[in-house]
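Worksheet: one structure, shown below.
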Amino acid sequence: MTDESADTTTDGTAETGTADAETTETADEPATGGTGAADPALVVEDLTVAFGDLVAVDEVSFAVEPGTVTCLVGPNGSGKTTLIRAIADLVGADHGSVERPESATRPVGYLPQAPAFRPQFTVAETLQFYADLTGEDVDVDATVERVGLGGVPDRRAHALSGGMTRLLGIAQATVGDPPLVLLDEPSSGLDPMMTRHVSDVITDLAADAAVLVTSHDLTAVQRIADQVLVLDRGRIVAADSPAALMASTDTDDLESAMSELVASESGQVATRGGEVDE
Amino acid sequence: MSRARTALIVAQREFTTLLRTPTILVLALGFVVVVAGFVVAAGTGGYLPLILDLVAPMEILVPLLAFAFGYRAIQSDADRGELETIQTYPVSRLSFVGGVFLGRLAGLLPVVLVSLGLSAAAVVFAPGDAVSVVVRHGTVDAPVLFLRFVALTVLFTAVALAVAVAVSAAARSAREALAIAVVLVIALVLGFDATIVAALSGGLIGPDALGTLTALSPNSAYRGLVYTLAVGDVYTRSAPTPSLVAGVAGLTLWFVGALGVAVARVWRG
């Protein structure tokens, strides 16, 4: 099991290197997105998370800068969700550190992979509950409008479509203006139009915060990401901008680039332990 | 923001959830009807008979209702993944569990109080029974005795709900929560007393130990306190009951222990 005494901190400051647009960074040094002009909103160093003998996240290091979108991609079972949950402090780290912003009332906003809310409450009531928890004066109407749910503020959660529920989840993730927003597969299972809308919302969020997104939608990732972290069997095998990743792999799109970068074979699923199941 | 303020926000969410859950409303109505049925069946001869008629049903019905109100309170949030979302807000485990408990109690207590209030009204207003609300049988059958019974039942309700909330925090799935809840209700209603009787008949414990051992079960402690404080000498001379201190200590330990388990298990610290 996890060791809760691991060196996971919430200290606000960190020093990391800046992004090199020409070079694909590796796990040997922390990768950073954006221009490197500001202190990172998130610094992960040598983070390891294991479940017994299964190492889900293996000595991962990277940084995320404010005002950028960083996308975490990789095959199923590569450790994306575990990594994002460790960053949100929802799962204990066995080794390494996570430095998150400390100044905010709510340092980290989080959208789980399958968001769901109490069916008895409306969209506005749900967000008002979370707003109240921050203790700050939150404009719930503006939050609802921002994600495009302005037409259904009084609709109860049980009556929302899957896409609307995810939008409500994204709205919830932004309540309290956290400087770091973590979104776990925000467009999973959505139709193309809703996926496009979610991508636009994520881009909009990056105006005020650093956004870290896990996704299998590589078309959307190519469009919105400032930095892409390719995770395979718990390790970051590549980290750079979409253009740099395609250039380094001599491919035309991110999907082809990822195929080149990820060792997993087609039709097989990488497990948390790093082994491959048929 | 203070812990108390956070707990109130959570409590308000729990209370509203209860009000908007049809199943809970049906159960609440059913509880009132069943209690009224016991009163009608037993007659409305006075407060003391009413207490004696209600104490056994309350021992069964209150835990049932409390578990219905609370056994999924936290577990449903965990099931949906909303509990993890809540952890990303400035909410302590104590505030959250305290809020859940208070909100559910705010919905549960009125149901219990209304049913007991209707029972008392039946004694006062039942046709043919010329019951004085001041005194009927000297110092024995007075409304104050019924008020003591109500107060003790409120205490028992809070303890039963605390246990239900603990189950809700500890269970990993709805099915597990239901299974634990069923086992605990059976243990509370039958198991503890049956174990004591078995130990007594087997010679493992002597009659002198009954006063203390019966306080270990919340049901027995509640029953003993009712007999001691609300019924008095009429009953307690003929049956072993826990002492006042042991009964209060037993209920307090269950209350604090259950909420302590809930705080410890709701999420990792």
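The values are calculated or read from the model by the stated rules, or taken from the named source; none is laboratory data. Only a predicted model underlies this, so the values are computations on that prediction, with no experimental measurement involved. Cβ sites come from the backbone with ideal geometry, for glycine too, and all protein chains shown count toward neighbours.
Details
- Only one of A:S97, A:S103 that is part of a strand (DSSP E or B), polar (S, T, N, Q) and in contact (Cβ under 8 Å) with a residue 24 or more places away in the chain: A:S97
- Of all residues making up the range A:59-76, the number that are farther than 23 Å from A:P101 by Cβ and surrounded by fewer than 24 Cβ atoms within 10 Å (Cβ to Cβ): 3
- Residue ranges of helices (runs of 4 or more DSSP H) in the range B:154-222 with at least 1 members over 30 Å from B:R268 (Cα atoms): B:192-201, B:210-213
- The single residue among A:V55, A:V49 that is more than 14 Å from chain B (Cβ to nearest Cβ), in contact with a Gly (Cβ under 9 Å, 6 or more places away or on another chain) and of a type outside the set (S, T, Y) turns out to be A:V55.
- Restricting attention to the range A:84-115, the residues that are buried (at least 23 other Cβ atoms within 10 Å of the Cβ) and of a type in the set (K, R) total 2.
- In the condition set (1) free of Cβ contacts under 8 Å to residues at least 24 places away in the same chain; (2) surrounded by 21 or more Cβ atoms within 10 Å (Cβ to Cβ), A:V147 is compliant with all but (1).
- Filter result for A:T82 (modelled with pLDDT of 95 or more, within 14 Å of chain B (Cβ to nearest Cβ) and not in a strand (DSSP E or B)): yes
- Residue tally, condition within 14 Å of chain A (Cβ to nearest Cβ) and part of a helix (DSSP H, G or I), over the range B:13-48: 11
- Some residue of the range B:211-223 being touching a Gly at 6+ places or on another chain (Cβ under 9 Å), of a type in the set (A, V, I, L, M), modelled with pLDDT of 80 or more and within 17 Å of B:A66 (Cβ to Cβ): yes
- Scanning the range A:103-126 for residues that are away from chain B (no Cβ under 12 Å) and over 30 Å from B:F15 (Cα atoms) turns up at least one hit.
- Among the residues of the range B:161-184, the ones that are touching a Leu at 6+ places or on another chain (Cβ under 8 Å) and more than 18 Å from B:F101 (Cβ to Cβ) come to 0 in all.
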